[in-house]
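Visitor: Pasting a structure here, questions to come.
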Amino acid sequence: MSIKKRLIASNVAMIVFPIVLFLLLELVIATLIFSGMNGTPVKKDSQWFMSLRFIGLLFILILTNGILTYMVSKTILKPIRILTKAAEEISNGNLDHEIVSVNKDELGKLSETFESMRLQLKKAREERDLYENNRKEFVASISHDLKTPLTSIKGYINGVLDGIPDNPKTKQMYLKTAYQKAEDMDHLINELFLYSKLDFEQFSFQFEPVSLDNFLADYLQELQYDPYFKDVEFTFQSETSENNSVMADRLSLGRIIDNILQNSLKYSDKKERKISVYLQYDSDTVLVKIEDNGKGIPKESLPRIFESFYRSDPSRNKATGGSGLGLAIVKKLVEGHGGDIWAESEEGKGTSIYFTLKKRKEGNSNAKRINH
């Protein structure tokens, strides 16, 4: 019952209850007094009767008013005390203080709103703490990943300046190694710059119709000449569809595929490395599945692989380390295309990355630039 209805009912009860009780009391008093007089009252008895009526009426009014006021105020003041206590706990930083209300009135709704606010604040604080921890880990990781090649570059160049290489071939090897370390630093800095633009929604997508069948077939064919993907067996399968075009940014689409493939090979532990790409169409979207036969991802790490700065393998070695931005960038790029991305994995058997892209609508063939 709402507070308004409860107050109206209380006011009505304060009128009805005293009248009913007074009539009953008057009947009882009259019966007791006049039954002993043989039905013939005298002036003294009548005065005594009137006095008892007045005292009884006063007692009834005080009693009913007190009881009803206490009952109504209790249903209002108790929830207010609960909310006051909760507000004090939240102001002191305790977001674990649960607010429970059994009332279905306005104060009950207020308590539910207060509880919802507490949960949102708690979630926001947990996300902030998680982001802060990831940021600290990221700063430490990036500092290491930048300092390590920089130290190597300085060491090789100092070696050349000091004349340590005693022949042109050794000197050439020193310079090539220093150059490769600089390339690694440049790649890391480019990833940081790209991720920051995506994170602040300052990245421009150049959308245009792309035949996904042809794009992936050409892309996988080119990878056969890439030394990084040597000895990798690629398989490509696609469902037939009258409309296999998507609205996509070609450069971003290439980066999505490349980052997923590189991540797959980075954690490959099989002698025969295999990667399969599948396309599946429905009325509005295209589903892309990239499956590998690597070592898989632990269950506890799988939900977090698309988080920024997260690495399922915390090591920083070149084979399996990295900045932890590769799949985070992929997620941002896919979402920039209006799609979704997720992963399935089984340890020892491999990982499958899925993402969706929107199909090009018929008649929409104009390229469009969108800032994200």
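Visitor: Every residue in the stretch 139-158 that is at pLDDT 85 or above, of a type in the set (Gly, Ala, Ser) and either on the phi > 0 side of the Ramachandran plot or buried (at least 16 other Cβ atoms within 10 Å of the Cβ) (or both), please.
Guide: Ser152
Visitor: Residue by residue through the stretch 140-199, note down the ones that are charged (D, E, K, R) and farther than 29 Å from Ala328 by Cα.
Guide: Answer for the stretch 140-199, where residues must be charged (D, E, K, R) and farther than 29 Å from Ala328 by Cα: Lys154, Asp162, Asp166, Lys169, Lys171, Lys176.
Visitor: Among the residues of the stretch 280-304, count how many are closer than 25 Å to Glu239 by Cβ and surrounded by fewer than 18 Cβ atoms within 10 Å (Cβ to Cβ).
Guide: Number satisfying all stated conditions: 7.
Visitor: Scan the stretch 201-213 for residues that are open to solvent by 80 Å² or more (accessible area, probe 1.4 Å) and either of a type in the set (Lys, Arg) or at pLDDT 90 or above (or both) and report the count.
Guide: Going through the stretch 201-213 one residue at a time, the tally reaches 1.
Visitor: Can you find a residue in the stretch 231-246 that is part of a loop (DSSP other than H, G, I, E, B), among the aromatic types (Phe, Trp, Tyr) and touching a residue at least 40 places away in the same chain (Cβ under 8 Å)?
Guide: no
Visitor: Report yes if Ser252 is outside any loop (DSSP other than H, G, I, E, B), surrounded by 13 or more Cβ atoms within 10 Å (Cβ to Cβ), under 31 Å from the mean Cα position of the chain (by Cα) and of a type outside the set (D, E, K, R), otherwise no.
Guide: It is true that Ser252 is outside any loop (DSSP other than H, G, I, E, B), surrounded by 13 or more Cβ atoms within 10 Å (Cβ to Cβ), under 31 Å from the mean Cα position of the chain (by Cα) and of a type outside the set (D, E, K, R).
Visitor: Give the stretch 351-372 a look and list any residue that's crowded, with 20+ Cβ neighbours inside 10 Å and at pLDDT 90 or above, or say none.
Guide: Thr351, Ile353, Phe355, Thr356, Leu357
Visitor: Return the only residue of Leu198, Leu216, Leu194 being at pLDDT 90 or above, of a type in the set (A, V, I, L, M, F, W, C) and either within 19 Å of Gly326 (Cα to Cα) or assigned to a helix (DSSP H, G or I) (or both).
Guide: None of the other options fit; the residue is Leu216.
Visitor: Further, regarding this structure: Is it the case that some residue within the stretch 124-132 is modelled with pLDDT of 80 or more, hydrophobic (A, V, I, L, M, F, W, C), farther than 25 Å from Val330 by Cα and open to solvent by less than 90 Å² (accessible area, probe 1.4 Å)?
Guide: Looking for residues that are modelled with pLDDT of 80 or more, hydrophobic (A, V, I, L, M, F, W, C), farther than 25 Å from Val330 by Cα and open to solvent by less than 90 Å² (accessible area, probe 1.4 Å), one finds none in the stretch 124-132, hence no.
Visitor: Let me ask something additional. Being under 41 Å from the mean Cα position of the chain (by Cα), within 30 Å of Glu115 (Cβ to Cβ), modelled with pLDDT of 70 or more and among the β-branched types (Val, Ile, Thr) narrows it down to one of Ile82, Ile3, so name that one.
Guide: On inspection, the qualifying residue turns out to be Ile82.
Visitor: Could I ask something else about it? Could you tell me whether any residue of the stretch 257-265 is at pLDDT below 90, surrounded by fewer than 17 Cβ atoms within 10 Å (Cβ to Cβ) and either in a strand (DSSP E or B) or under 28 Å from the mean Cα position of the chain (by Cα) (or both)?
Guide: Looking through the stretch 257-265, at least one residue is at pLDDT below 90, surrounded by fewer than 17 Cβ atoms within 10 Å (Cβ to Cβ) and either in a strand (DSSP E or B) or under 28 Å from the mean Cα position of the chain (by Cα) (or both).
Visitor: Next question. List the pairs whose first member sits in the stretch 151-174 and is over 18 Å from Met185 (Cβ atoms), whose second member is surrounded by 10 or more Cβ atoms within 10 Å (Cβ to Cβ) and among the charged types (D, E, K, R), and whose Cβ atoms are under 7 Å apart, counting only residues at least 6 apart or on separate chains?
Guide: From residues that are over 18 Å from Met185 (Cβ atoms), the pairs are Val160/Lys171; Pro165/Lys171.
The values are calculated or read from the model by the stated rules, or taken from the named source; none is laboratory data. Remember, it's a predicted structure, so these values are computed and weren't measured experimentally. Please note: Cβ atoms are built from the backbone with ideal geometry, for glycine as well, and neighbour counts cover all protein chains shown. Calculation scope for accessible area: heavy atoms of the full protein, side chains included, ligands and nucleic acids excluded. Shrake-Rupley method; radii C 1.70, N 1.55, O 1.52, S 1.80 Å.
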